[in-house]
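Inspection log for the structure reproduced underneath, given as structure tokens.
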Amino acid sequence: MNEDQKDKKSVEGGGRRISINLFWFIIIMLTAVIATAVVTALSLEAGSEKAVNVGTDTRSEFAKLYNVYDTITSEYYTDVDRNALIESSIEGMVEGLDDPYSEYMNKDETAEFQESVTGDFEGIGAEVMQEGSKIIITSPMKGSPAEEAGLEPGDQIVGVDGESTEGMTTHEAVQLIRGEKGTDVVLSIVRGEGEPMDITVTRDTIHIESVTYEVIDDVAHISVNRFQEGTTKEFEDSLNRAAEEEVDDVIIDFRYNPGGLLDEAVSMINQFVEKGETALHLEDNSGERTEIVTENEVNPSTEDMNVYILINEGSASASEVFTGAMNDLNEDVTIAGTRSFGKGVVQRTQEFGDNSMLKYTNTKWLTPEGTWIHEEGITPDIELVNPDYYRVDMLSEEEVYAEGQTNETVTSIKVALDTLGYEISDFNTTFTPELTTAVMNFQGEQELEQTGDVTGETSTALMSELRQYINENDAQLNYLIDYINGEYSEEEIEQRASENAEHIEIERPAPEEDGEGQSGESSEESAEEESTEEDSSQPEGQGTPEEESSEEQDAE
């Protein structure tokens, strides 16, 4: 066999032999590989702006999303922040659920959410509120940097680190005051009629207690402001304290409690019911139900307690889980107040590598007897509405109310003055000479110019005095204590409450409107303006029903 014969390749096909020289066979193969590579490279270059479908997901429903992204990033007239586009598209996707309880949170929002779950934040530890156009410190927390620095209730914050607070909302001022532990913030303070002075406060980690305890007229009042990590321990300590003090009647106060961690609610139920009892049911999107049962022994301190639960339209979610379970499992429990918010769904959270978070509704919850209270709420056994003065309109310093005017706010002014002891005989919408006299008397007491008009400092002083009155006279709580102590029958106490709420209409906010816009404020707290403790930690348990979830299935 000669060399040509050795270098030839034989291929048979269809009975026909084709001989190819091995050298030319290798050349052809190399040429084909190179040509393929060139074509592929040219294709990729031509379509580089289209190569946004990262990974293997080629589902057709994303085609429009990719096309919009490609068009904007390649053709928008200025440079585009691609990360911002992706973030906003995720936010829009979650908003498309039309669910006020589901949300996508960026890194900063996630950190704030985690603070609400743990009850810890970094700041100075002072409750602040907006009074007219002023930012006022209502109370430095005990042992806080604010207290140690000498801040006092009533101090007006006019500046933060040299920046004026004029025109700021409470939330905006609070965002400036808060900061990293160990750093300083300089607050410009006006105290009384004095000149502004600078006070330097070193920020620290502040823990907000979720449970408070007091005894009023031989009745233990345990107020649960929200369900955060450790709430059960604080609650148990309060129950044990009541037992040690031999207080048999216990009010568990959930007014304006927006909810929180579901597992805390279950363990709190467990304080009153035996191990293995159904605390609630969870129902997924296929209709399958899971029982959530108590896991520990009942707290012996609760054995002989007479339990009363106080709720209102701001009581939501985990507070409704507790109330609904106690109502189903313990026939001796009495529920008082007004109908609760009505949030019968549970949220779950998923955290991402960049510390952002998705909070989404994944189940319904039902009471042990299978009742779904969503958008219905829980109706109390004893209806105790708040008096009119809880619903007065907030007065603006800029508005002027004078004799002869007729509007709804005039009724609010009459109610406020009557509450503070200035005699009013009618509560219609007309600014009468009688009201002018009452206003002048109030102005005289406040050492203000006696014009008879309600505006400026008169408006601010009237709101301040009314707020102080409300803080010192908790009407619903007092009604319930009077009932417990036998001063009134159930019918009599309901009638008394009703008679004190005749002049300003009671409006119940619709649950679907109390979503993510921090709008969980009840119409009955409108007289108290906006108040926060550092950042959105509400004194008196005033919170928002939309912020009730945690990691995994502990979300409420």
### Query
For Gly159, are the conditions met, namely being in a loop (DSSP other than H, G, I, E, B) and either at pLDDT below 95 or over 30 Å from Asn485 (Cβ atoms) (or both)?
no
### Query
Considering the stretch 332-343 alone, what residues qualify as being of a type outside the set (A, V, I, L, M, F, W, C), surrounded by fewer than 24 Cβ atoms within 10 Å (Cβ to Cβ) and assigned to a loop (DSSP other than H, G, I, E, B)?
Asp332, Arg339, Gly342
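If I go through the stretch 452-468 residue by residue, how many of them are touching a residue at least 60 places away in the same chain (Cβ under 8 Å) and more than 26 Å from the chain's Cα centre (by Cα)? Before you say what the answer is, go through the steps one by one.
Kept after step one, since they are touching a residue at least 60 places away in the same chain (Cβ under 8 Å), are these residues of the stretch 452-468: 457, 459-460, 462-464, 466-467.
Add one more test, that the residue is more than 26 Å from the chain's Cα centre (by Cα), and what stays is 457, 459-460, 462.
The number of residues fulfilling the criteria is 4.
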### Message
Going through Asn428, Asn362 one at a time, which residue ends up being part of a strand (DSSP E or B) and either touching a strand residue (DSSP E or B) at 6+ places or on another chain (Cβ under 9 Å) or hydrophobic (A, V, I, L, M, F, W, C) (or both)?
### Response
Asn362
### Message
Among the residues of the stretch 72-80, are any part of a helix (DSSP H, G or I), without any contact (Cβ under 8 Å) to a residue 24 or more places away in the chain and hydroxyl-bearing (Ser, Thr, Tyr)?
### Response
no
### Message
Quick check on my filter: what residues within the stretch 150-177 are in contact (Cβ under 8 Å) with a residue 40 or more places away in the chain and crowded, with 19+ Cβ neighbours inside 10 Å?
### Response
Leu151, Thr170, Ala173, Val174, Ile177
### Task
Answer yes or no: is there a residue in the stretch 434-448 that is modelled with pLDDT of 95 or more, out of contact with any strand residue (DSSP E or B) (no Cβ under 6 Å at 6 or more places or on another chain), open to solvent by less than 50 Å² (accessible area, probe 1.4 Å) and not in a helix (DSSP H, G or I).
yes
### Task
Select from the stretch 472-509 the residues that are touching a strand residue (DSSP E or B) at 6+ places or on another chain (Cβ under 6 Å) and among the acidic types (Asp, Glu) and list them in ascending order.
Glu490, Glu494
## Note on the structure
Taking the stretch 162-185 and keeping residues in a loop (DSSP other than H, G, I, E, B), among the polar types (S, T, N, Q) and within 22 Å of the chain's Cα centre (by Cα) leaves Thr169
### Message
If Glu397 satisfies all but one of (1) free of Cβ contacts under 8 Å to residues at least 24 places away in the same chain; (2) in contact with a Ser or Thr (Cβ under 9 Å, 6 or more places away or on another chain), what's the number of the condition it fails?
### Response
(1)
### Filter result for the condition that a residue is crowded, with 18+ Cβ neighbours inside 10 Å, at pLDDT below 95, hydrophobic (A, V, I, L, M, F, W, C) and assigned to a helix (DSSP H, G or I), over Ile470, Ile481
Ile470
#### Entry: Single residue of the stretch 218-256 satisfying the filter (part of a helix (DSSP H, G or I) and among the aliphatic types (A, V, I, L, M)) that is surrounded by the fewest Cβ atoms within 10 Å (Cβ to Cβ)
Ala243
### Message
If I go through the stretch 120-135 residue by residue, how many of them are surrounded by fewer than 20 Cβ atoms within 10 Å (Cβ to Cβ) and closer than 14 Å to Ser188 by Cα?
### Response
1
## Note on the structure
Checking Gln518, Gln495 in turn, the sole residue that is modelled with pLDDT of 95 or more, open to solvent by 80 Å² or more (accessible area, probe 1.4 Å) and farther than 22 Å from Ser412 by Cβ turns out to be Gln495
### Message
Suppose we filter the stretch 190-217 for residues that are open to solvent by less than 30 Å² (accessible area, probe 1.4 Å), in a strand (DSSP E or B) and touching a residue at least 40 places away in the same chain (Cβ under 8 Å); how many remain?
### Response
3
### Query
Which of (1) aliphatic (A, V, I, L, M); (2) free of Cβ contacts under 8 Å to residues at least 40 places away in the same chain; (3) open to solvent by 40 Å² or more (accessible area, probe 1.4 Å) is the odd one out, the single condition Leu329 does not satisfy?
(2)
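The values are calculated or read from the model by the stated rules, or taken from the named source; none is laboratory data. Values in this document were obtained by computation on a predicted structure and should not be read as measured data. Counting neighbours? That spans all protein chains shown, and the Cβs are built from the backbone with ideal geometry, glycine included. For the accessible areas, the whole protein counts, side chains as well, though only heavy atoms, and no ligand, DNA or RNA atoms are used. Shrake-Rupley method; radii C 1.70, N 1.55, O 1.52, S 1.80 Å.
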